[in-house]
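Notes for the one structure printed next.
The values are calculated or read from the model by the stated rules, or taken from the named source; none is laboratory data. Nothing here was measured: the structure is a model prediction, and the numbers come from that model. Note: ideal-geometry Cβ built from the backbone for every residue, glycine included; neighbour counts use all protein chains shown.
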Amino acid sequence: MNAPVLNTTAPHKQHLIDPEICIRCNTCEETCPVDAVTHDDNNYVVDPDKCNFCLDCIAPCPTGSIDNWRMVGKPYTVAEQFSWNELPVQEQIELNAAAEKGDGEAEDDEAARLIAQAHQGAGGKSIAPASASKPKINLYNRSKPALATVTGNLRLTAAEADNDVRHIILDFGAQVFPVLEGQSIGIVAPGTDKDGKPHNIRLYSVASPREGEKTGANNLSLTVKREPNGVCSNYLCGLKKGDQVQVTGPFGATFLMPDDPSANIIMICTGTGSAPFRGFTERRRRNMKDAPGRMMLYFGARRPEELPYFGPLQKVPDGLLRKHFAYSRVAGEPKTYVQDRMRQTADEVAVFLKNDRTHVYLCGLKGMESGVDEAFADICRGAGIDWSGLRTQMRAQGRYHVETY
Ligand code: NAP
């Protein structure tokens, strides 16, 4: 696609990257087919003279920071974007111009259409729950990483399991590294790739609550699966106590836990996508034991012995966390995915969805996103709820969150 010729006097959409959320992983720059994405020591930015709105960069971005747009009369230059610490607010004059055009006409703009399409593909725009604590983000980057010490590396899956999934504990000593449940951190594997470039930063969800893996300790935990040929996962899974790790972040400003004890939370995950939900559960267990809000977990794995935290999860009381496991490869049993378990327990899901204090979180394999969405639609159909309308409303209220890779 060639770059569209834009009339610079008429308001039009400009593609921007949110510097507060971007983890500087270089994925967008690698993906962009027209070299519109570039960076300096401070920021990754989109050159308005080169971007052709192909949207190739949207889906691979691990944080969604790439999916930002402003109506502008005169585009922000690359130099201006390099200097930002946060995105500028929408300029009033351009909003007025857009308002004069009318919503319908503005939606007709090609860029607006493409953006709507990107949002649909990305599962919609998320905002943080209204009651969530304010996260700290981007305190450390590749040129100024935090240095963490490994204080634990424990295999989570049974010895006979196919997958080697590990619980890794990182201690930050005297360095300030505040995280909230649901946030992620970046890991910089040492060495270079086959082209001699430093390895890309890899993102992992924090699996512990904000107070630390151990309350009061300045540490956090990760849930990491060793992937065949995975540079970072093999590096992390092979770490020994006392090893030092370069860490960037923290990242993530929307996939956060509601701090309201009356909030109900439905958590749906596969495999290591369970990491943030361990943090959510521990937060409630330690700080809000008598919370009136309920928590429900749908957790998919091949077999019980492949399910991270299987043992400890059995000990979490049902009153704190209602658990539904879905196993896809148990001999003699039908293949069951999380979306199948949701349908089998449709009444429970419907009760949660009818409550306007309910939040939904999905984390794990990209492939489960559509299956779970269809399960919600079926459950709602049976309960007389308009799922499409409810999902839109929940997103707008910071009650529907997706983090899939
Ligand atoms: P996995 O072991 O490969 O799969 C877990 C289960 O999901 C299996 O039972 C699998 O069934 C099932 N599954 C496969 N396709 C599915 C679909 N379309 N719908 C529903 N279930 C499906 O999982 P994993 O390798 O741990 O993957 C976890 C994902 O979470 C990764 O994509 C990872 O990037 C992401 N994640 C990780 C973290 C982290 O901090 N480590 C954080 C957030 C997200 P079958 O294999 O039998 O088909």
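Does region 203-217 contain any residue that is aromatic (Phe, Trp, Tyr) and either surrounded by fewer than 19 Cβ atoms within 10 Å (Cβ to Cβ) or within 16 Å of the ligand (Cβ to nearest atom) (or both)? Yes, region 203-217 contains a residue that is aromatic (Phe, Trp, Tyr) and either surrounded by fewer than 19 Cβ atoms within 10 Å (Cβ to Cβ) or within 16 Å of the ligand (Cβ to nearest atom) (or both). Reported count of residues in region 346-376, each being of a type in the set (S, T, N, Q) and surrounded by fewer than 16 Cβ atoms within 10 Å (Cβ to Cβ), is 2.
Identify, from the list Met257, Met267, Met342, the residue that is touching a residue at least 12 places away in the same chain (Cβ under 8 Å), over 21 Å from the mean Cα position of the chain (by Cα), closer than 21 Å to Arg391 by Cβ and surrounded by 22 or more Cβ atoms within 10 Å (Cβ to Cβ).
Exactly one residue qualifies, and that residue is Met342.
When region 36-79 is filtered for residues that are touching a Phe, Trp or Tyr at 6+ places or on another chain (Cβ under 7 Å) and surrounded by fewer than 18 Cβ atoms within 10 Å (Cβ to Cβ), the ones remaining, listed by number, are Asp40, Asn42.
Within region 358-405, the set of residues being modelled with pLDDT under 95, aliphatic (A, V, I, L, M) and within 17 Å of Gly252 (Cα to Cα) comprises Val402 only.
No other residue among Arg210, Arg166 is in a strand (DSSP E or B), modelled with pLDDT of 90 or more and not hydrophobic (A, V, I, L, M, F, W, C) apart from Arg166.
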